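Contents: one structure, followed by commentary.
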């Protein structure tokens with residue numbers, strides 16, 4: 001009976017040893033890690049095609065190979081050849097809600113303030129990109145990319161409050177009954193440098209927010225704005241104040 005149980009365990013699980021060092025006393029302990037074989041096969045397939053890189057403060061980029069780290073970022077990735085490039089800092093809390101597609105890029109340059117930045121990303125499509133500059137502070141922001149070849153670009157020195165949502169599409173298509181054409185196409189979102197977005201604001205497909213702007217709380221930004229240094233607010237959002245400057 002014992003032999004049968006051991007044979008079953010060997011058939012279902014792979015076992016490997018991982019060493020961990022206690023930061024307080026420096027003692028190294030060994031732990032046995034058990035992983036279900038069919039999950040191991042799935043994870044190894046994902047790890048072989050999707051890459052995670054971390055960049056240190058000197059700009060040196062390293063490929064992440066630790067299983068625990070990879071699982072954190074890739075456990076909800078179902079596509080191939082996706083690339084995640086993020087700063088190597090505890091101040092960034094990046095959650096990948098899912099990536100259902102291939103050849104996508106998530107690139108976050110840096111986190112400048114001593115405040116934890118919380119970012120979640122969902123990508124449904126191929127060849128899309130989330131490109132974020134040097135972050136001032138993102139309390140909580142969700143990026144959702146719908147469609148193929150779409151971009152969300154965020155400049156440097158931006159500050160986003162809690163509950164900010166940025167979408168390139170509506171997730172579900174809408175068609176004209178007479179022509180059969182889709183009337184809610186996915187579009188890029190571009191946010192400039194030094195932009196402050198207030199609590200629970202939503203920035204949707206086709207939106208462009210120029211440098212130095214402030215987006216009011218609970219606003220719904222749906223189109224391109226041309227004037228920098230303005231306050232944009234409302235549902236739908238419009239310019240309510242010009243020639244402004246804001247500070248962190």
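Kindly check whether there is at least one residue in the stretch 201-209 that is surrounded by fewer than 16 Cβ atoms within 10 Å (Cβ to Cβ) and assigned by TED's automatic domain parsing to the domain that holds residue 142. Can you show your working first?
Within the stretch 201-209, the first condition is being surrounded by fewer than 16 Cβ atoms within 10 Å (Cβ to Cβ), and the residues that meet it are none.
Checking the stretch 201-209: not a single residue is surrounded by fewer than 16 Cβ atoms within 10 Å (Cβ to Cβ) and assigned by TED's automatic domain parsing to the domain that holds residue 142.
Out of curiosity, is residue 114 under 20 Å from residue 132 (Cα atoms) and at pLDDT below 90? Steps first, please.
Values: under 20 Å from residue 132 (Cα atoms): yes; at pLDDT below 90: yes.
The answer is yes for residue 114.
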_One residue is enough: does the stretch 131-141 have a residue meeting the conditions more than 15 Å from the chain's Cα centre (by Cα) and surrounded by fewer than 18 Cβ atoms within 10 Å (Cβ to Cβ)?_
no
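If you go through the stretch 93-101 one residue at a time, do you hit one that is in contact with a helix residue (DSSP H, G or I) (Cβ under 8 Å, 6 or more places away or on another chain), surrounded by fewer than 16 Cβ atoms within 10 Å (Cβ to Cβ) and closer than 26 Å to residue 171 by Cα?
no
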*asked:* Looking at 170, 156, 186, can you tell me which residue is in a loop (DSSP other than H, G, I, E, B), buried (at least 22 other Cβ atoms within 10 Å of the Cβ) and touching a residue at least 12 places away in the same chain (Cβ under 8 Å)?
replied: 186
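Name the strands (runs of 3 or more DSSP E) wholly within the stretch 45-93 that hold at least 2 residues that are closer than 19 Å to residue 135 by Cα?
Details: elements: 51-55, 61-63, 83-87.
Counting at least 2 such residues, we get 51-55, 83-87.
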*Considering each residue of the stretch 117-132, count those that are modelled with pLDDT under 95, more than 11 Å from residue 92 (Cα to Cα) and in a strand (DSSP E or B), and give that number.*
1
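From 146, 185, which residue is out of contact with any strand residue (DSSP E or B) (no Cβ under 8 Å at 6 or more places or on another chain), at pLDDT below 95 and at negative phi? Spell out the reasoning first.
Details: 146 fails: out of contact with any strand residue (DSSP E or B) (no Cβ under 8 Å at 6 or more places or on another chain).
Residue meeting the stated conditions: 185.
What's the total number of residues in the stretch 194-210 that are under 18 Å from the mean Cα position of the chain (by Cα) and in a strand (DSSP E or B)? So that I can check it myself, show each step before the final result.
We begin by selecting, within the stretch 194-210, every residue under 18 Å from the mean Cα position of the chain (by Cα); these are 197, 200-205.
Narrowing further to those that are in a strand (DSSP E or B): 197, 202-203.
Counting residues in the stretch 194-210 that are under 18 Å from the mean Cα position of the chain (by Cα) and in a strand (DSSP E or B) gives 3.
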_Exactly one of these conditions fails for residue 177: (1) in a loop (DSSP other than H, G, I, E, B); (2) over 26 Å from residue 100 (Cα atoms); (3) touching a strand residue (DSSP E or B) at 6+ places or on another chain (Cβ under 9 Å). Give me its number._
(3)
*residue 191 is checked against (1) buried (at least 19 other Cβ atoms within 10 Å of the Cβ); (2) under 22 Å from the mean Cα position of the chain (by Cα); (3) farther than 26 Å from residue 124 by Cα and fails just one. What number does that condition carry?*
(3)
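The values are calculated or read from the model by the stated rules, or taken from the named source; none is laboratory data. Computed from a prediction, not measured in an experiment: that's the story for all the values here. Using ideal geometry, Cβ is built from the backbone for each residue, glycine included, and neighbour counts are taken over all protein chains shown.
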